[in-house]
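Here is the structure we will look at, set down as structure tokens.
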Amino acid sequence: TFFALLLSPVLDEATVQALKRISQAGCGTSMVFLAFTVVLYLVLRFYRQRFKSDDAPKIHVSLSVSLFLLNLLFFVNVESHGQASEAACWVRGAVFHYFLLCTFTWMGLEAFHLYLLVIRVFNTYFRHYFLRTSLLGWGLPALMVISTGSANSYGRYTIRNAKDQITLELCWIRNKAALYITVHGYFLLTFLFSAVVLGLVAWKIFTLPSATAGKEHRQHWKGVLTVLGLSSLLGVTWGLACLTPLGLSTVYIFRTLSSLTGVFIFCWFSVLYFPSQRAAPSSSGTARADQSHTMSHD
Amino acid sequence: QEEPRRAPRNVCGGPGVVHDFQKVDLHSAATCFTKCQLGSNACDLEKLHRYWLNYESFLVENSSEKTVNMSFVKTLVQDFSTDISEELHFSLIPDEVPKQIKKEDKPSDRVRLPGSLLKSLRDKGSVDRLAITVLDIGPGNIFKGPQGSLEGGGRVLNNRLVGLSVGRTQITGLSEPLEITFSHRRQPRNMTLHCVFWDVTKGPTGGDWASEGCLTELRGEETVCRCNHL
């Protein structure tokens, strides 16, 4: 057997603590705003009949619910790791994994829905569309968690610092192969799909002839904001994780943007459904898309 | 009669597996440590990893040499009695062939084999063979793990490997760990060291570094690796 010492870069204590605080602050803020999103949806659904038949807000809310529960479990997992027994840790790791996969899946479904609205446009009516979407959004992660659990992959997971001391201990996937396939691989698939759809949508937004002559500059900025809003909805900010090996600044950017996803979703939801009810329906690219979607379903 | 000339072959990437461990063959195989850089020559990493792993087996099974002293590899091959119950200590000083030392001697780089390890071999016979190798793997891709870079952007410290082979049996689940001490410069705060072994069951190119069963004790200018297996 050959033995050796591996020299690997690690984050120092101060950086780890700073990143931990950013994550906790971001996830906490996200949870509040995601709760607002769900409440807002329920209020709008109560007052406006259209919300009951419209699938787009239902998908946004499903993503919000899964992200809210993911953030909640992150807090539980990080704060109370030491008290959990082996069995409890196994369950906690599985539930945490489940909501992470639900979040990825709903981000992918957001991308698919956007594809139907903006790229495909015609013949987008499917019977029991939201029911099927929900089965996929909540069911596929469950299947993956069951198969990961049957391989006994959940348990205590530790992250160490430069002095080999434990900086973070949580209930998570211990088996590296399972982690790579069901988290990294699955995220990469949904991320690539979302990125392609977002690219096509961005191309449509910026190349379609505008009906608002003389307001090109304003339209351009609206287009940019629309693409940014959609990016957070499709989880593109999470893709910054791929850039984290480039340096500490990308780690900070990734942590900040990904933990604030809930805030961005709330902003998007508010902008999309509040003004679009009052202002002219063609005020933005997505408002147009939303309307066409509603019509196709009607 | 003139010795038939050997056809030149691409040792690093050519077909077939080289299993000759004469000095000239070791030299040829060692040229791949520098030749097999990322994106340069096409090298058959799996074949090259297997070559050096087989070299360890060759040392304990067939080698007639007691020591090998080449610039890139230093080896000690030693028979020992399985009747002894004391632990064995060897020096691993860079640029020197490993040699047995007393317990009290504490060279900067050393290995300690526990008595229980030797005792566990008693059933196989009264005498067994031990090979200790220090290998300089150079700057290339060999023994660097998949994609030429180790998980998390790590690298092998000083490109230095210590090979330990005892007898012909696999040794796992030791109650008392073997101990390898590596000396080195003090590392920057944002870097850490992990004790690892080459696990042939991992990775697409005939192995990858793994740390299962090995504990790392960081001590500033030296690191102690305690592993429960060979």
In the stretch A:176-207, how many are free of Cβ contacts under 8 Å to residues at least 40 places away in the same chain, closer than 16 Å to A:CYS242 by Cα and aromatic (Phe, Trp, Tyr)? 1
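Yes/no matrix, rows are residues, columns are (1) surrounded by fewer than 12 Cβ atoms within 10 Å (Cβ to Cβ); (2) touching a Gly at 6+ places or on another chain (Cβ under 8 Å):
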{"position": "B:GLU46", "(1), (2)": "no, yes"}
{"position": "B:TYR51", "(1), (2)": "no, no"}
{"position": "B:VAL60", "(1), (2)": "no, yes"}
{"position": "B:LYS66", "(1), (2)": "yes, no"}
{"position": "B:ASN69", "(1), (2)": "no, no"}
{"position": "B:VAL73", "(1), (2)": "no, no"}
{"position": "B:LEU76", "(1), (2)": "no, no"}
{"position": "B:ASP79", "(1), (2)": "yes, no"}
{"position": "B:ASP83", "(1), (2)": "yes, no"}
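What's the total number of residues in the stretch B:193-212 that are without any contact (Cβ under 8 Å) to a residue 24 or more places away in the chain and either surrounded by 15 or more Cβ atoms within 10 Å (Cβ to Cβ) or in contact with a strand residue (DSSP E or B) (Cβ under 7 Å, 6 or more places away or on another chain) (or both)?
Here is the first cut: in the stretch B:193-212, the ones without any contact (Cβ under 8 Å) to a residue 24 or more places away in the chain are B:196, B:199, B:201-202, B:210-212.
Keeping just the survivors that are either surrounded by 15 or more Cβ atoms within 10 Å (Cβ to Cβ) or in contact with a strand residue (DSSP E or B) (Cβ under 7 Å, 6 or more places away or on another chain) (or both) gives B:196, B:199, B:202, B:210-211.
Of the residues in that region, 5 qualify.
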Given the conditions (1) in a helix (DSSP H, G or I); (2) farther than 22 Å from A:LEU230 by Cα, which single one is not true for A:PHE126? (1)
Count, please, the residues in the stretch B:192-205 that happen to be more than 15 Å from the chain's Cα centre (by Cα) and either part of a loop (DSSP other than H, G, I, E, B) or more than 10 Å from chain A (Cβ to nearest Cβ) (or both). 5
Hey, among the residues in the stretch A:92-107 that are hydrophobic (A, V, I, L, M, F, W, C) and touching a Gly at 6+ places or on another chain (Cβ under 9 Å), which one's farthest from A:SER259 (Cα to Cα)? A:ALA94
Specify the residue that is nearest to B:LYS106 (Cα to Cα); the eligible residues are those in the stretch B:149-182 that are at the interface with chain A (Cβ under 10 Å from one of its Cβ atoms) and of a type in the set (Gly, Ala, Ser). B:GLY163
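Per-residue answers, yes or no, for (1) more than 14 Å from A:SER259 (Cα to Cα); (2) buried (at least 18 other Cβ atoms within 10 Å of the Cβ):
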site: A:PHE3; (1), (2): yes, yes
site: A:THR15; (1), (2): yes, no
site: A:ALA18; (1), (2): no, no
site: A:SER23; (1), (2): no, yes
site: A:MET31; (1), (2): no, yes
site: A:LEU40; (1), (2): yes, yes
site: A:VAL61; (1), (2): yes, yes
site: A:PHE75; (1), (2): no, no
Take A:VAL271 and decide whether it is out of contact with any Cys (no Cβ under 6 Å at 6 or more places or on another chain) and modelled with pLDDT of 90 or more. no
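The values are calculated or read from the model by the stated rules, or taken from the named source; none is laboratory data. Since the structure is predicted, the reported quantities are computational estimates derived from the model, not experimental observations. Note that each Cβ is placed from the backbone with ideal geometry, even for glycine, and that neighbours are counted across all protein chains shown.
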